[in-house]
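Below is one structure, written out as structure tokens, with a few remarks after it.
The values are calculated or read from the model by the stated rules, or taken from the named source; none is laboratory data. Owing to the predicted nature of the structure, the values given are computational and were not obtained by experimental measurement. Every residue, glycine among them, receives a Cβ derived from its backbone with ideal geometry; neighbour counts consider all protein chains shown.
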Ligand SMILES: Cc1ncc(COP(=O)(O)O)c(C=O)c1O
Ligand code: FES
């Protein structure tokens, strides 16, 4: 299996690796996956309360190269988006951008799930009702 | 000067030794005869070449040439041994004992036997990858017709106590079959000293060509028989029909001869390199050796680097270094290695494993480079692993409610 240049670049030079303070009111944290499945993704967003825009996003991922690249790409896309826009990021857009092969689609689903989980964490902390999502299909 | 990519996956396959290729070449063109053509020089030439190769193959394992049945590889030999015994000894019983870390060629053949009305006991290996001899003895029934235990495991390189296994089998008069694909040519294997009655092995794991292998079938003390699985012209004393792959067999013979001549020296050389690699990688924090430390092939090591995932890890250097991983992310089934799981490894460690298989052409420079690359990549990926962060912060990962996929 050979990977796209974009994927390899995100893997080799991942953007936004790191940790935000999960105790801060304006930070939302999503932790998805499970160690026994071989993939765990933690994605965090920091939101500007005044504008509702995501000012920073960080990730840490335990998983294959495609999972690492998907989360790196997701954090890039999140920055500057509003919290409401964030949840419209679709895993298939990640698949297209990174040219993921079919067996790696679930790695992008993980990234989409991590975004949704981070947004809901933020909403919960700030007294907003959690959004309901349909179960992702490709797991 | 290092040439890339570096090949450290010799348990998957090996390159042909140039001496093997040289020996094979004439049998494609000028000496192309069918070894079964009894009436002209072309046939005689091919037959003679096969006879020599049969002797070379037999010598490597301490057998008589008449006890070697050429096949298309170890998979076919595994099938022929197990199905062949099951059919041949149907009146004696229907029970086979094997273990849960065998190659799929054995496990799936046993599954097939179960569908045909056979009964199979899959012994669980201990956490070092070896079978418990007391459990083997206890599993024997009056209807047991075969004990099938691999000589050495392809993923973790552990070497089973074949002499002890065959001693138990002999007491009860049960034939022993061993898939010795990973052991033959690498460590001394002697069917008489080891008490093995049937044994499968293949050329492409010992610097010979792909698509040729053998089943050893004991002819004396005791005589063992198998029912043919491929019918036809009655080649290989009726046990395996089909025109012989003369160039392949010649190459197999040459490969065996080289292994026999060079084994002692080569084992010393390669095990030193393996130890260097293994020791250096086990210096990395939270890295674990899989499989027994002592009962082990000289050229393999399998190590788990906790909190990083195997495929992600390989991607850090797989343009330059070829290894393999037991991680689910590398397998089509998305299941981690059943061999590692059989050792009692948690899924997390199974996902984090790499297998390094050294070989005849591996150099110390290659090993030094590999140590450097693997260490760097493990550290880099841990810096981006949420699990490593939790581990460092002392968070109990079992206390987390994971969103299961
Ligand atoms: C233990 C074991 N048995 C059987 C096989 C299959 O051998 P072949 O490729 O010759 O069919 C292999 C190689 O993959 C192996 O490692
Ligand atoms: S995380 Fe397992 S395949 Fe991507």
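Here the condition is being assigned to a helix (DSSP H, G or I), within 16 Å of ligand 1 (Cβ to nearest atom) and modelled with pLDDT of 95 or more; of B:339, B:270, it holds for B:339 alone. Test residue B:207 against the criterion of being farther than 16 Å from residue B:75 by Cβ and either part of a loop (DSSP other than H, G, I, E, B) or more than 16 Å from ligand 2 (Cβ to nearest atom) (or both), and give yes or no. Answer is yes for this residue. Scanning segment A:15-28 for residues that are within 15 Å of the chain's Cα centre (by Cα) and surrounded by fewer than 22 Cβ atoms within 10 Å (Cβ to Cβ), we see that the one that is nearest to ligand 1 (Cβ to nearest atom) is A:17.
Residues of segment B:303-322 that are more than 25 Å from the chain's Cα centre (by Cα), within 12 Å of ligand 2 (Cβ to nearest atom) and either away from chain A (no Cβ under 11 Å) or part of a loop (DSSP other than H, G, I, E, B) (or both): B:308 alone.
In segment A:87-103, the condition of being at negative phi and touching a strand residue (DSSP E or B) at 6+ places or on another chain (Cβ under 8 Å) is met by no residue. With respect to the stated conditions, residue B:350 fails to be under 23 Å from residue B:100 (Cβ atoms), at pLDDT 95 or above and more than 8 Å from chain A (Cβ to nearest Cβ). From the list A:61, A:51, A:75, A:88, the one residue that fits, being more than 16 Å from ligand 1 (Cβ to nearest atom), surrounded by fewer than 16 Cβ atoms within 10 Å (Cβ to Cβ) and under 14 Å from the mean Cα position of the chain (by Cα), is A:88. Inside segment B:323-336, can you point out the residues that are more than 10 Å from ligand 2 (Cβ to nearest atom) and more than 8 Å from chain A (Cβ to nearest Cβ)? Once the filter is applied, which keeps residues that are more than 10 Å from ligand 2 (Cβ to nearest atom) and more than 8 Å from chain A (Cβ to nearest Cβ), segment B:323-336 yields B:323, B:324, B:325, B:326, B:333, B:335. Has segment B:239-254 got at least one residue that is more than 12 Å from ligand 1 (Cβ to nearest atom), more than 28 Å from residue B:46 (Cα to Cα) and under 23 Å from the mean Cα position of the chain (by Cα)? No, segment B:239-254 contains no residue that is more than 12 Å from ligand 1 (Cβ to nearest atom), more than 28 Å from residue B:46 (Cα to Cα) and under 23 Å from the mean Cα position of the chain (by Cα).
Residue B:73 meets the stated requirement of being under 21 Å from the mean Cα position of the chain (by Cα), at positive phi and either touching a residue at least 40 places away in the same chain (Cβ under 8 Å) or away from ligand 2 (no atom under 16 Å from the Cβ) (or both).
Among the numbered conditions (1) in contact with a helix residue (DSSP H, G or I) (Cβ under 6 Å, 6 or more places away or on another chain); (2) assigned to a loop (DSSP other than H, G, I, E, B), the only one that residue B:291 does not meet is (1). Residues that are free of Cβ contacts under 8 Å to residues at least 24 places away in the same chain and under 19 Å from residue A:69 (Cα atoms) within segment A:10-29 comprise A:12, A:13, listed in sequence order. Restricting A:38, A:28, A:33, A:52 to residues that are at positive phi and more than 13 Å from chain B (Cβ to nearest Cβ) narrows the list to A:52.
Of the set (1) out of contact with any strand residue (DSSP E or B) (no Cβ under 8 Å at 6 or more places or on another chain); (2) farther than 30 Å from residue B:261 by Cα; (3) at pLDDT 95 or above, all apply to residue B:234 but (3). Residues that are buried (at least 21 other Cβ atoms within 10 Å of the Cβ) and within 27 Å of the chain's Cα centre (by Cα) within segment B:368-400 comprise B:370, B:374, listed in sequence order. Every condition in (1) within 16 Å of ligand 1 (Cβ to nearest atom); (2) touching a residue at least 24 places away in the same chain (Cβ under 8 Å) is met by residue B:344 except one, and the failing one is (1).
Scan segment B:371-389 for residues that are free of Cβ contacts under 8 Å to residues at least 40 places away in the same chain, assigned to a helix (DSSP H, G or I) and within 9 Å of chain A (Cβ to nearest Cβ) and the total you get is 3.
Could you grab me the full set of residues in segment B:390-405 that are facing chain A (nearest Cβ under 10 Å), over 17 Å from residue B:286 (Cα atoms) and in a helix (DSSP H, G or I)? The answer is B:398, and nothing else.
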